[in-house]
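Trainee: One structure follows; several queries about it will come next.
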Amino acid sequence: MPRRGLVAGPDFQYFQRRYFTPVEVAQHNQPEDLWVSYLGYVYDLTPLAQEYQGDLLLKPILEVAGQDISHWFDPKTRDIRKHIDPLTGSQRYRTPRGRFLHIPPQLPRSDWANDFGKPWWQGSRYEVGRLSAKTRNIRIINTLTSQEHTLELHMEI
């Protein structure tokens, strides 16, 4: 039987937010709920943290949970920044917080397995949305009850 006067709303089973504020990303700062942002996008690294739970190479990522790590990346290549290693004279990934997952060791080692496929920062498998660069706080006041609410709104053009 058709319902008259009602408009169907969004299907929330497939609804996905597109923009997140830095404050919202910062709330996901635990190993069981780990988000980071870089180069304007937001990534949910929780599955990665669960897969490598207890691995020492996960520590630098856990330390920056809920933060923007764009300074780790070259904006042109979207890859981890590189430098010339003074010890070997070869080009290496720049990792000031220490080596992390999917970064090769400084010197060749037989125990490093590179059969993981694409590194976690390449591709969009962990991407959940974009980082909102501009936000504005809107204050709503109910003059009848004197209740006050502040909303943070996304202001991208």
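Trainee: Restricting to the range 65-83, name every residue that is exposed (fewer than 10 other Cβ atoms within 10 Å of the Cβ) and hydrophobic (A, V, I, L, M, F, W, C).
Mentor: Those that are exposed (fewer than 10 other Cβ atoms within 10 Å of the Cβ) and hydrophobic (A, V, I, L, M, F, W, C): none in the range 65-83.
Trainee: Test each condition in (1) over 22 Å from residue 130 (Cβ atoms); (2) modelled with pLDDT under 95; (3) surrounded by 11 or more Cβ atoms within 10 Å (Cβ to Cβ) for residue 1 and report the one that comes out false.
Mentor: Tallying (1) over 22 Å from residue 130 (Cβ atoms); (2) modelled with pLDDT under 95; (3) surrounded by 11 or more Cβ atoms within 10 Å (Cβ to Cβ), residue 1 fails exactly one: (3).
Trainee: Going through the range 18-51 one residue at a time, which ones are open to solvent by less than 30 Å² (accessible area, probe 1.4 Å), under 12 Å from residue 127 (Cα atoms), not aliphatic (A, V, I, L, M) and not in a strand (DSSP E or B)?
Mentor: Those that are open to solvent by less than 30 Å² (accessible area, probe 1.4 Å), under 12 Å from residue 127 (Cα atoms), not aliphatic (A, V, I, L, M) and not in a strand (DSSP E or B): 40, 46.
Trainee: Restricting to the range 42-74, give me the number of residues that are of a type in the set (Ser, Thr, Tyr) and modelled with pLDDT under 95. Lay out the reasoning, then the answer.
Mentor: The first filter runs over the range 42-74 and keeps only residues of a type in the set (Ser, Thr, Tyr), leaving 43, 46, 52, 70.
After this cut, where a residue has to be modelled with pLDDT under 95 as well, the list is 52.
Selection size over the range 42-74: 1.
Trainee: I'd like the full set of residues that are under 10 Å from the mean Cα position of the chain (by Cα) and among the acidic types (Asp, Glu), limited to the range 38-82.
Mentor: 44, 68
Trainee: If you don't mind, another one. Would you confirm whether or not the range 33-46 contains a residue that is acidic (Asp, Glu), in contact (Cβ under 8 Å) with a residue 24 or more places away in the chain and touching a strand residue (DSSP E or B) at 6+ places or on another chain (Cβ under 7 Å)? Step through it out loud before you land on a result.
Mentor: Filtering the range 33-46 down to residues acidic (Asp, Glu) leaves 33, 44.
Subsequent filtering for residues that are in contact (Cβ under 8 Å) with a residue 24 or more places away in the chain retains 44.
Cutting the leftovers down to touching a strand residue (DSSP E or B) at 6+ places or on another chain (Cβ under 7 Å) gives us 44.
Yes, there is a match, as at least one residue in the range 33-46 is acidic (Asp, Glu), in contact (Cβ under 8 Å) with a residue 24 or more places away in the chain and touching a strand residue (DSSP E or B) at 6+ places or on another chain (Cβ under 7 Å).
Trainee: Kindly list, by first and then second residue, each pair from a residue in the range 118-147 that is closer than 22 Å to residue 81 by Cβ to a residue that is among the acidic types (Asp, Glu) and surrounded by 12 or more Cβ atoms within 10 Å (Cβ to Cβ), limited to pairs with Cβ atoms under 7 Å and residues at least 6 apart or on different chains.
Mentor: Every condition considered, the pairs that remain are 126/44.
Trainee: Looking at the range 86-109, is at least one residue under 30 Å from residue 154 (Cα atoms) and open to solvent by less than 40 Å² (accessible area, probe 1.4 Å)?
Mentor: In the first step, residues of the range 86-109 are kept if they are under 30 Å from residue 154 (Cα atoms); the result is none.
No, the range 86-109 contains no residue that is under 30 Å from residue 154 (Cα atoms) and open to solvent by less than 40 Å² (accessible area, probe 1.4 Å).
Trainee: Could we say that residue 74 is within 21 Å of residue 36 (Cα to Cα), touching a residue at least 12 places away in the same chain (Cβ under 8 Å), of a type in the set (D, E, K, R) and touching a strand residue (DSSP E or B) at 6+ places or on another chain (Cβ under 9 Å) here? Even if it seems obvious, please write down each step before you answer.
Mentor: Working: within 21 Å of residue 36 (Cα to Cα): yes; touching a residue at least 12 places away in the same chain (Cβ under 8 Å): no; of a type in the set (D, E, K, R): yes; touching a strand residue (DSSP E or B) at 6+ places or on another chain (Cβ under 9 Å): yes.
Spelling it out, it is not the case that residue 74 is within 21 Å of residue 36 (Cα to Cα), touching a residue at least 12 places away in the same chain (Cβ under 8 Å), of a type in the set (D, E, K, R) and touching a strand residue (DSSP E or B) at 6+ places or on another chain (Cβ under 9 Å).
Trainee: Does the range 120-142 contain any residue that is in contact with a strand residue (DSSP E or B) (Cβ under 6 Å, 6 or more places away or on another chain), open to solvent by 80 Å² or more (accessible area, probe 1.4 Å) and modelled with pLDDT under 90?
Mentor: Yes, because at least one residue in the range 120-142 is in contact with a strand residue (DSSP E or B) (Cβ under 6 Å, 6 or more places away or on another chain), open to solvent by 80 Å² or more (accessible area, probe 1.4 Å) and modelled with pLDDT under 90.
Trainee: Take the conditions modelled with pLDDT under 95 and at negative phi and apply them to residue 93. Does it pass? Give the derivation first.
Mentor: Working: modelled with pLDDT under 95: yes; at negative phi: yes.
Yes: the conditions hold for residue 93.
The values are calculated or read from the model by the stated rules, or taken from the named source; none is laboratory data. Values in this document were obtained by computation on a predicted structure and should not be read as measured data. Note that each Cβ is placed from the backbone with ideal geometry, even for glycine, and that neighbours are counted across all protein chains shown. Keep in mind that these areas ignore ligands, DNA and RNA; they rest on the heavy atoms of the full protein, side chains included. Shrake-Rupley method; radii C 1.70, N 1.55, O 1.52, S 1.80 Å.
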